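The values are calculated or read from the model by the stated rules, or taken from the named source; none is laboratory data. A quick note: this is a predicted structure, and the numbers were derived from the prediction, not measured. Every residue, glycine among them, receives a Cβ derived from its backbone with ideal geometry; neighbour counts consider all protein chains shown. All accessible areas refer to the heavy atoms of the entire protein, side chains included, with ligands and DNA or RNA removed. Shrake-Rupley method; radii C 1.70, N 1.55, O 1.52, S 1.80 Å.
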Amino acid sequence: MRPAVAVTDISCGLMAHGAILAALYERTHSNLGQHVDTSLMETQLATLVPNAGVYLTGGTETMHRWGSGNSTIVPYQVFYCGDNKGLAIAVGSDKQFQLLCEAMDAAYLLQGENLEKYRTNACRVKHRKELVPLLEMQFRGKTRAEWERIFAAQESELKGTTFPYGPLRKISEAFECDQAVARDMTIPVPNHKTIPGDVNLVGHPVKYSRTPCSSPEDTLPPPILGQHTTEVLSSLCNLGESELVELRELKVIQ
């Protein structure tokens, strides 16, 4: 399953970001600078958790094509409900699987001959191809909203000691959900003076107690084509006005 976003590219930028900060901090002790070097390939290897550790320490190949599923934990994937909306389930322990069966009225999965097949995670991984279709059929029996209400009721009854789950959202649903709104993950900022109205940008995912970093007042909109050309060429490249005029006449710049 191809990731819907550039996971390795974004992760490599984050690796470089952390490395630069680490180098700056080290410089406060050594008073020396240094070259920081990373790559997409190294980033991708470093983010193969936990499969990289399993291979390097035990020599076991765990990467198989399970769609949204997990190689070593079952059930740990997206299931589609009766209204074709996805619901992600992350059952990380045997107790959590028992709670899932109880919530879904699927006690038969832990009874009779099924008990030995699905009681432990190791057994569920071994019998994945039998268990997953049974759960898929069970999820199809109700809409996503109905399952969420059932799981929420169980959470409330047990005071939160159940299993992680969550809806597979569209981009619009993700930005409009309560958590994204509460955490200011959409920032409306004034657009360029030639464009009326505000432009919505993605808010900063990290919040600081003293220094807000994503307020509309401190956030610039994306530049329009050529907006900073003159500023960059004059201040950084030391071009004079006559040179800028010539470049405009030649239509090298706007």
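Below, the figures for the structure above:
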quantity: Electrostatic dipole magnitude of the stretch 29-112 [Cβ: Lys, Arg +1; Asp, Glu -1; Cα centre; debye, to 20]; calculated: 40 debye
quantity: The stretch 103-254, accessible surface, carbon-and-sulfur percent (1.4 angstrom probe); calculated: 56 percent
quantity: Compactness relative to 2.2 N^0.38 Å, alpha carbon Rg of the chain; calculated: 1.45
quantity: Long pairs among K95/K129; K117/K170; K142/K207; K95/K170, criterion Cα-Cα beyond 28 Å; calculated: K117/K170; K142/K207; K95/K170
quantity: Distance (nanometres) between label positions extended 7 Å along Cα→Cβ at L134 and S242; calculated: 8.6 nm
quantity: Selection from N70, V7, V232 lying farthest towards where the dipole of the chain points positive, charges on Cβ; calculated: N70
quantity: Accessible surface, the chain, averaged per residue in Å² (probe 1.4 Å); calculated: 70 Å²
quantity: The chain, helix-only ellipticity at 222 nm - DSSP H runs n ≥ 4, -39,500 (n - 2.57), divided by all residues, nearest 500; calculated: -13000 deg cm²/dmol
quantity: Choice from T72, T219, T161 showing the highest fluctuation, given a GNM over the chain with Cα pairs closer than 10 Å; calculated: T219
quantity: Dipole in debye (nearest 20) - the chain, about Cα centre, beta carbon charges: Lys, Arg +1; Asp, Glu -1; calculated: 840 debye
quantity: Extension gain, T28 back to K117 (0.36 nm per residue minus Cα-Cα distance, nm); calculated: 26.3 nm
quantity: Value of D in µm² per second that Stokes-Einstein yields for the stretch 30-97, Kirkwood Rh from Cα pairs, at 25 °C (0.890 mPa s); calculated: 160 µm²/s
